[in-house]
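Just so you know, all these numbers are worked out from the coordinates, no wet-lab data involved. No experiment lies behind these values; they were computed from the predicted model shown. Neighbour counts are summed over all protein chains in view; Cβ atoms, including those assigned to glycine, are modelled from backbone coordinates with ideal geometry.
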């Protein structure tokens with residue numbers, strides 16, 4: 001049986017945190033706890049997309065962040081730009097990096113994770129490592145500093161592929177689950193923080209219209 005859905009109590013709508021806007025695209029800083037797109041049922045209609053569309057009627061979703069993940073959220077203005085930006089994600093023309101607080105300290109200060117992932121169908125939405133059926137998934141990690149009070153480390157994570165829950169599963173497989181991860185971390189690590197400590201920190205790409213090199217950074221709340 002699939003896992004029961006996590007309770008959804010979206011954060012109060014205190015206004016969009018808009019980092020960039022032009023006639024082609026928008027960059028927001030999504031709060032933790034807010035769905036990227038509407039979920040099933042009227043109680044899950046409040047999301048990043050719907051809040052953005054109240055102000056920008058032409059705003060369309062290009063990519064998604066997990067509900068519990070905060071940080072940089074790119075939207076296209078109009079269907080043509082949505083197709084263009086989606087293609088840039090598909091062809092890995094977007095440089096993405098995340099910040100995460102993970103349990104413990106990695107043995108190596110930096111490294112690469114190549115572990116294929118597939119949906120754990122009986123326990124969906126969980127994902128799992130599967131060398132037979134899994135799709136290729138690659139992430140890079142870099143240790144930044146220690147958080148001794150939490151027995152944790154601040155890590156920079158850079159996914160090359162974009163599999164569902166990729167960073168969460170990869171860090172868990174390394175033995176360093178992300179603090180507050182209610183899907184993959186052991187109970188004690190889940191309870192160390194009140195939220196998933198994962199934040200989309202940096203997004204860089206060449207603007208598809210102006211051809212300018214764009215780089216956006218959003219500081220985490222942790």
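Residues that are assigned to a strand (DSSP E or B) and in contact with a helix residue (DSSP H, G or I) (Cβ under 8 Å, 6 or more places away or on another chain) were ranked within the stretch 134-192; the one that is surrounded by the most Cβ atoms within 10 Å (Cβ to Cβ) is 178.
Screening residue 43 on (1) at positive phi; (2) outside any loop (DSSP other than H, G, I, E, B); (3) surrounded by fewer than 18 Cβ atoms within 10 Å (Cβ to Cβ) shows it passes everything except condition (1).
Among strands (runs of 3 or more DSSP E) entirely within the stretch 55-110, having at least 3 residues that are over 23 Å from residue 193 (Cα atoms) and in contact with a strand residue (DSSP E or B) (Cβ under 8 Å, 6 or more places away or on another chain) singles out 59-61, 70-77.
Of all residue pairs spaced 6 or more apart or on separate chains, those with beta-carbon atoms under 9 Å, a first member in the stretch 184-203 that is without any contact (Cβ under 8 Å) to a residue 24 or more places away in the chain and a second member that is crowded, with 16+ Cβ neighbours inside 10 Å and outside any loop (DSSP other than H, G, I, E, B) are 186/103; 188/103.
Among residues of the stretch 193-203 being part of a loop (DSSP other than H, G, I, E, B) and within 15 Å of the chain's Cα centre (by Cα), the one that is surrounded by the fewest Cβ atoms within 10 Å (Cβ to Cβ) is 195.
Looking at 144, 157, 99, 150, just one residue is within 30 Å of residue 3 (Cα to Cα) and more than 17 Å from the chain's Cα centre (by Cα), and that residue is 150.
Could you grab the pairs with beta carbons closer than 7 Å, sequence gap of 6+ or different chains, first residue in the stretch 143-170 and in contact (Cβ under 8 Å) with a residue 24 or more places away in the chain, second one in a helix (DSSP H, G or I) and surrounded by 14 or more Cβ atoms within 10 Å (Cβ to Cβ)? The qualifying pairs are 157/167; 159/166; 159/167; 162/89. Just so you know, in the stretch 204-213 the residues that are in contact (Cβ under 8 Å) with a residue 24 or more places away in the chain and assigned to a strand (DSSP E or B) include one that is farthest from residue 80 (Cα to Cα), and it is 204. When 35, 60 are checked against the criterion of being free of Cβ contacts under 8 Å to residues at least 40 places away in the same chain, farther than 26 Å from residue 206 by Cα and surrounded by 14 or more Cβ atoms within 10 Å (Cβ to Cβ), a single residue qualifies: 35. Within the stretch 1-40, the set of residues being assigned to a loop (DSSP other than H, G, I, E, B), within 19 Å of the chain's Cα centre (by Cα) and closer than 20 Å to residue 219 by Cα comprises 11, 16, 17, 31, 32, 33, 34, 35, 36.
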